[in-house]
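Single-structure report; data block below.
No lab work stands behind these numbers, since they all come straight from the coordinates. Bear in mind the structure is a predicted one, so any value in this text is a computation, not a measurement. All Cβ positions, even for glycine, are placed from backbone atoms using ideal geometry, and neighbour counts span all protein chains on display.
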Amino acid sequence: MTQKLTILFDLDGTLVNTAPDLMRAHNYVMKKYGYDERELTDIKKLAGRGSKVMLTKSMNEIAELSGKVKKTDDVLEEMTKEFIDFYSKNIVKESTLKNGLLDFLSWCKKKSILMGVCTNKQEHLSIDLLKKIKIYNFFDYVAGGNTFDYNKPNPKHLTDTIEILGGDISKTLMVGDSETDSNASKAANIPFVLIEDGYTEKKTNEINHDYLIKDFVGLEKIVEKYL
């Protein structure tokens, strides 16, 4: 029997345009704790490593620009909890699927391709988002940022997910939007498909990738090479 192909996907900025809802939650918390609100372009640069990292980076940037005192770790933990609480209640207000995604996922299912999500978003938030935006049933496993004791860019986030899926690392592709995904893929020796307009500060030519796509329209042509 020929080993099935496995495709791993990042979530925020890859499968779903989540920035508007992340921005709303971010600004709610920042405003409450006396910090400036941020624009959508800022959020895209800050997202990708989980909510605590996003808030920390945001506060550090604001502190450098304004001279405001940085919050302590205890306050940061409190802010992160408030962010997650607000975000979980408003998770799909403005989030949308990436162009061509539904057709691509349907095609993968017909081809019996194993599909998993590897995201630094918390597992319960990831599953809730995927269910509410109605694509959860396409995936065979969802590994969030707190599923294991490590997460991207640690390659074990990917390799352990492949093992759980019953996949073969030599028959696996990763689709993501940032250097975090790229670094994890490279360390795991998995071909990496980079989607443009990612949640990252880097330009596409600064991120190591094997393939570059605008969206999911036509991705089948790349995947067919690995079937």
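Observations on the structure shown:
- Note on the chain: Cα Rg divided by 2.2 N^0.38 Å, N the number of residues, gives 1.01.
- Amide H to amide H distances under 5 Å link Phe9 with Gly116, Val117, Cys118, Val175, where only residues 5 or more positions off or on other chains count and H is placed in the peptide plane.
- Our summary of shape: the Cα atoms of region 122-208 have principal axis extents of 33, 27, 23 Å, ordered from largest down, in whole angstrom.
- Residues of the chain were split at every exposed loop site, defined as chymotrypsin sites (Phe, Trp or Tyr not before Pro) in a DSSP loop with at most 16 other C-beta atoms within 10 angstrom, and the longest piece left, sites excluded, is 34-147.
- In order through region 186-201: 3J(HN,Hα) via Karplus (6.51 cos²θ - 1.76 cosθ + 1.60), integer Hz, x for Gly, Pro: 4, 5, 8, 6, 10, x, 10, 9, 9, 9, 5, 6, x, 8, 7, 8
- Stretch in the chain that is longest and holds no trypsin sites (Lys or Arg not before Pro) that DSSP places in a loop and that have at most 16 other beta carbons within 10 Å: 135-201
- Evaluating 6.51 cos²θ - 1.76 cosθ + 1.60 at θ = phi - 60° for every residue in region 122-137, the Karplus couplings come out as 4, 4, 5, 5, 4, 5, 4, 4, 4, 5, 5, 9, 6, 10, 4, 5 Hz, glycine and proline recorded as x.
- Rounded tilt (10° steps) of 73-89 against the dominant C-alpha axis of the chain: 60 degrees
- Dipole in debye (nearest 20) - the chain, about Cα centre, beta carbon charges: Lys, Arg +1; Asp, Glu -1: 400 debye
- Panel order for Leu101, Leu194, Leu8, by other beta carbons found within 10 Å of each beta carbon, from fewest to most: Leu101, Leu194, Leu8.
- Taking the fewest neighbouring Cβ atoms within 10 Å as the starting point, the ordered list for Ile7, Ile127 is Ile127, Ile7.
- Longest segment of the chain lacking GluC sites (Glu not before Pro) that sit in a DSSP loop with at most 16 other Cβ atoms within 10 Å: 95-195
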